[in-house]
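My questions will all concern the structure given below.
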Amino acid sequence: MASTSLKLTHLISTTHLHQPNQTQLFFLKTPQISFTKSTKLTILPLSQKSSPNFISKSSMSQPKSDKGISRNFEIFDTEEDVAVSLAKYTAELSDKFVKQRGAFTVVVSGGSLIRSLRKLVESPYVESIDWSKWHVFWVDERVVPKDHPESNYLLAYDGFLSKVPILPDHIHAINDTLSTEDAAEDYETRLKQLVKSNILATSEATGFPKFDAMLLGMGPDGHVASLFPGHPLVNEDKKWVTFIKDSPKPPPERITFTFPVINSSAYIALAIIGAGKAGIVKTALGDSNKSCDLLPVQLVSPEGELKWYLDKDAASLL
């Protein structure tokens, strides 16, 4: 049996399109629920600013909230289902950009995200991807040797990079022989060289590098990359890559992409797994949150599409 998926998205559009075999239930300024014959249940709350009182499910778009937070997310029964869907999504983006640009620039984070990418090295995805066109980057990295247990490079290499034919010079890891500050500067310099060679696109809107896809996780405190709640680096808006020497999560020294780079991306997928992150997911996506102090994960707002991939434990408080 196919896995059960629960999609939740907020409304913006008002176009009504009839969906066959679908029963529409309408509410006046309350959540709209529609059932299909598939295993999916879609709940789409009406926007408080939406003028029409009645809008059909088929007219839904994927807007952002007043805080700029995308409400485009899917809830899956298990982490295994998340991994399968994330692999399919990544393979589709790879095909799209290889055909459009002749290259696919993809950024990964560490932690549980790498485990969720394991399906990429399995059929049918591993055979369908043109790995020779991939360029892989790290959104953040612990400044440790590449063979260190804390290295995000090692985690990704063991997790999937060593199992697919990506060209060695297309794997863009930091120079772990440099100091933390120099490693960040060196990584930014290499990104700029890739822009000049047209491997890496740039955003017309911001001038920052525009990666085709970022595959990110989230820490239990709401941090993304190595951008932590309340840390001054969250507000860095000039550098492409910066460094941190006082990370609240060990090891303390890291390099990280800044939010202008993260948010210049064409596509971002956030994979969040486990009950330990349910409280932060509720804070980030729940309608009742009125806090003015946004968590780093709430600041993820790419130029293109943002999709959240949640297992039911991570979404248990929504």
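The values are calculated or read from the model by the stated rules, or taken from the named source; none is laboratory data. The model shown is predicted, which means the values in this text are computed figures rather than measured ones. No Cβ is skipped: glycine too gets one built from the backbone with ideal geometry, and neighbour counts run over all protein chains shown. Just so you know, the surface numbers come from the protein's heavy atoms only, side chains and all, with ligands and any DNA or RNA stripped out. Shrake-Rupley method; radii C 1.70, N 1.55, O 1.52, S 1.80 Å.
Exactly one of these conditions fails for F259: (1) farther than 30 Å from G207 by Cβ; (2) among the hydrophobic types (A, V, I, L, M, F, W, C); (3) touching a strand residue (DSSP E or B) at 6+ places or on another chain (Cβ under 9 Å); (4) open to solvent by 10 Å² or more (accessible area, probe 1.4 Å). Give me its number.
Here F259 clears every test but (1).
Among the candidates P124, P145, P149, which residue alone is surrounded by fewer than 18 Cβ atoms within 10 Å (Cβ to Cβ) and touching an Asp or Glu at 6+ places or on another chain (Cβ under 8 Å)?
Sole residue among the options that is surrounded by fewer than 18 Cβ atoms within 10 Å (Cβ to Cβ) and touching an Asp or Glu at 6+ places or on another chain (Cβ under 8 Å): P145.
Determine which member of the set A225, A315, A271 is under 23 Å from Y89 (Cα atoms), touching a residue at least 60 places away in the same chain (Cβ under 8 Å) and over 13 Å from the mean Cα position of the chain (by Cα).
The conditions single out A315.
Another question, then. So which residues in the stretch 268-281 are in contact with a helix residue (DSSP H, G or I) (Cβ under 6 Å, 6 or more places away or on another chain) and open to solvent by 10 Å² or more (accessible area, probe 1.4 Å)?
I273
Follow-up. Select from the stretch 228-254 the residues that are open to solvent by less than 20 Å² (accessible area, probe 1.4 Å) and under 16 Å from P296 (Cβ atoms) and write down the one among them that is nearest to the chain's Cα centre (by Cα).
The selected residue is F228.
To continue, here is another question. Of the residues H135, H148, which is within 29 Å of P251 (Cβ to Cβ) and either more than 19 Å from the chain's Cα centre (by Cα) or part of a helix (DSSP H, G or I) (or both)?
Selected residue: H148, the only one of H135, H148 that is within 29 Å of P251 (Cβ to Cβ) and either more than 19 Å from the chain's Cα centre (by Cα) or part of a helix (DSSP H, G or I) (or both).
Mind checking which residues of the stretch 94-119 are open to solvent by 10 Å² or more (accessible area, probe 1.4 Å) and in a helix (DSSP H, G or I)?
Answer for the stretch 94-119, where residues must be open to solvent by 10 Å² or more (accessible area, probe 1.4 Å) and in a helix (DSSP H, G or I): D95, K96, F97, V98, K99, Q100, R101, S112, R115, R118, K119.
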